[in-house]
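Reading through the structure tokens given below for one structure.
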Amino acid sequence: MSNDNESDSLQPEEIRSTGSRVSATSEPRIDGRASASSVAGGSLSMEKTEGFFEERTLPAIEMTPGRLRYLTRRDVLLFGAGAVAALAGGGFLLPQDTLSRLGVRRNMDFRGKEWFLNKALRIDDDVAEALYSGNRTVPIYTKSQITPLKNNYNGATPDPGYISGWNLTLDGLVSGLSISLDIRNLTTRFSVREQITRLVCVEGWSAVAWWAGLRFDDLLRAYPPLSQAKWARVESSVNLDASGNPDPYFVSIDLATARHRQTLLATHFNGQPLSVDHGAPLRLLVPVKLGLKNVKAITRITYVAEEPRDYWAERGYSRYDGI
């Protein structure tokens, strides 16, 4: 949006008086207080100029009934053809199970479908990444606005037994070392930050919660990654599938997002240490990303130069997941 400091100049109304007849070159302003006495003894003649943006009277169009029926029939046929094309295109993108329920027997699982959907997701990701700004923050809420946050573990909730032996491993550091930190190292060395933000889920639900923990950026400063690193692979080795079998969970996070001032490695939820349901003892909280990026029970962070694998991107979902 442009901010134009120029303003329209107002020209004074030019009025000529000839005897008892008054002529104006522009339409006079009438404020409702003028009375007939103001022009008593004479008549008022006005020329109304037609502005460029002024509403004009539409010309009348005459058409024979036969011509009208022809145009109407043509429009209906064009609309029907467009509707059929839209349905065909939509059918091309629907899963075969859905098509079968609709009575469509033909297999439409073309390789082109997967290519098309991946291309659309990639464009969406590229736009979201281009619009990212470290200066843009999500809203901060008050404690009175906190809402319930359900346990939405991908798969089964892990058994709490892992917590006693838990540690966080850092790889891809400029030192060339692999660092292992326990929860005490993290909570005593780094300043604790608090924020009340909304967690947004790709499934359509969201919740406002009170989080506390260290900033991801503080960890990056204390243990710098390799200079060429642009991404972090954040993973949880304790994640389970729906049957309770090991199913490591891993996501890709660009370091620009990791350094965002609202991105936390959370240790507390609603004023209490994290429970197993919410990713004890350490979880990723990145409010500018969808909930599926907010890894619970983090066990390893690896810094790399190229975008790493991502659990849901490998299953056909978006990779960037910005909001």
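No value in this document is a laboratory result; all are computed from the given coordinates. Owing to the predicted nature of the structure, the values given are computational and were not obtained by experimental measurement. Neighbour counts are summed over all protein chains in view; Cβ atoms, including those assigned to glycine, are modelled from backbone coordinates with ideal geometry.
Spin-label point model (7 Å from Cα, Cβ direction): what's the Asn167 to Gln272 distance in nm?
Result: 2.9 nm between the two label points.
What order, most packed first, do the peptides 146-152, 60-66, 167-173 have when packing is the mean number of other Cβ atoms within 10 Å of each residue? Present the calculation step by step, with values, prior to reporting the outcome.
On the way: 146-152: 12.6, 60-66: 6.7, 167-173: 17.4.
The most tightly packed comes first, giving 167-173, 146-152, 60-66.
Relative contact order (percent) for the range 211-273, with alpha-carbon contacts under 8 angstrom and 6 or more residues of separation?
Numbers: 82 pairs, mean separation 31.4, N = 63.
Relative contact order comes out at 50 percent.
log10 I(q)/I(0), Debye, Cα-only the range 147-239, no solvent, q = 0.15, 0.18, 0.23, 0.25 Å⁻¹?
Computed log10 I(q)/I(0) values: -0.85, -1.16, -1.32, -1.31.
Can you pull out the GluC sites (Glu not before Pro) in the range 182-257 whose DSSP state is coil and whose Cβ has at most 16 other Cβ atoms within 10 Å? Don't skip to the answer; put the middle values down first.
On the way: sites: Glu194, Glu203, Glu235; in loops: Glu203.
The qualifying sites are Glu203.
I'd like the FRET efficiency for Leu226 and Ser180, computed as 1/(1 + (r/R0)^6) with the beta carbon distance as r and R0 of 22 Å, rounded to 0.05. Write out the running numbers ahead of the final one.
Values: r = 18 Å, r/R0 = 0.83.
According to the calculation, E is roughly 0.75.
Could you tell me the calculated FRET efficiency between Val192 and Ser243, based on Cβ-Cβ distance and R0 = 35 angstrom, to the nearest 0.05?
Details: r = 37 Å, r/R0 = 1.06.
The pair Val192/Ser243 has a calculated efficiency of 0.40.
Taking the C-alpha atoms of the range 205-296, how large are the radius of gyration and the largest Cα-Cα span, Dmax, in Å?
Cα-based Rg and Dmax for the range 205-296 come out at 13.6, 41 Å.
How far apart, in nm, are two points set 7 Å out from the Cα along the Cα-to-Cβ line at Ile146 and at Asp159?
3.1 nm
Note the full-extension length gain between Tyr317 and Leu58 as 0.36 nm times their separation in residues minus their Cα-Cα distance, in nm to one decimal. Before the final figure, lay out each step's value.
On the way: separation 259, 0.36 × 259 = 93.24 nm, distance 5.18 nm.
Separation in residues times 0.36 nm, less the Cα-Cα distance, equals 88.1 nm.
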